[in-house]
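Below: the structure, in structure tokens.
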Amino acid sequence: MMKTLESVNSIVEKYAHKATIVAFKGVLNFKNSKEFQESAVTLACIFGNTDNEKAITGTIGNEHEKKLISSFHNNSQLLVQKTWIEKADETLKEKILFQLEEICNSISNKNYCASYSEFVDCLDTIVFLMFGTQTRSQEFGEYAMRIDPDFGIFWCFLQNIKQQELDSDEICRVYQLVAMTFLANY
């Protein structure tokens, strides 16, 4: 059964703290740049590291951004390598490890829009490798929120941003950095 954004977002409304709900809604409202930026920073802090504010609000390609990309790359690789998977998913696992290299290189070279859809697909596949086919069910969001509220928020964020077709480097950059923050600290 296909997940709708309404059902995904209702999970956030049902389980998250008020500050998280506000940040979640604000970061998805990229039409208001001040609210978008502030919400991105708040969500990144909820996901794990207050230092990442400087990666998000700083100049493109700043040292904090480079450090975040490196942490995301290393932790995501470790996460994928250590995840137990079915034999049938071995090829997918290898593909994701290769993709992580390419995506991180692309983002490091400031190709935010060019890497956006591949980045989001890669994250979706990482979650699939971690939890299997249940990630495709309508109930997964609620399950994720119950086992780990921060992971649940990350998953709901991912479901929202994977629906976005963006042509703004800045919005792609911020969405990627916020998502990286979670996996860099998971």
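Results, tabulated for the structure shown:
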read-out: Separation of alpha-carbon centers, region 78-126 and region 145-186, rounded to whole Å; value: 14 Å
read-out: Global form of the chain, assessed from the alpha-carbon gyration tensor, a/c cut-off 1.5; value: oblate
read-out: Distance (nanometres) between label positions extended 7 Å along Cα→Cβ at Glu94 and Lys25; value: 4.7 nm
read-out: DSSP-assigned coil residues among trypsin sites (Lys or Arg not before Pro) in region 1-94, each with at most 11 further Cβ atoms within 10 Å; value: Lys31
read-out: Nitroxide proxy distance, nm - points 7 Å out along Cα→Cβ at Leu78 and Thr133; value: 3.2 nm
read-out: Cβ charges +1 (Lys, Arg) and -1 (Asp, Glu), total dipole of region 8-165, debye; value: 280 debye
read-out: Net charge of Cβ neighbours under 13 Å - reference Phe24; Lys, Arg +1; Asp, Glu -1; value: -1
read-out: Stretch gain in nm, segment Lys54-Asn185, where the contour uses 0.36 nm per residue and the Cα spacing is subtracted; value: 45.6 nm
read-out: Which of Ala179, Gln164, Ala16, positive extreme of dipole for the chain (C-beta unit charges); value: Ala16
read-out: 18 Å cut-off, amide nitrogen to a point 7 angstrom out along Glu101 Cα→Cβ, residues in region 53-80; value: 70-80
read-out: 222 nm mean residue ellipticity, helices alone, for the chain (DSSP H n ≥ 4; -39,500 (n - 2.57); rounded to 500); value: -24000 deg cm²/dmol
read-out: Efficiency of FRET from Cβ geometry, Lys110 and Lys87, R₀ 25 Å, rounded to 0.05; value: 0.05
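Readers should treat all values here as calculations from the given coordinates under stated rules, not as data from a laboratory. Values in this document were obtained by computation on a predicted structure and should not be read as measured data. As a convention, Cβ positions derive from the backbone with ideal geometry for all residues, glycine included, and neighbour counts pool all protein chains shown.
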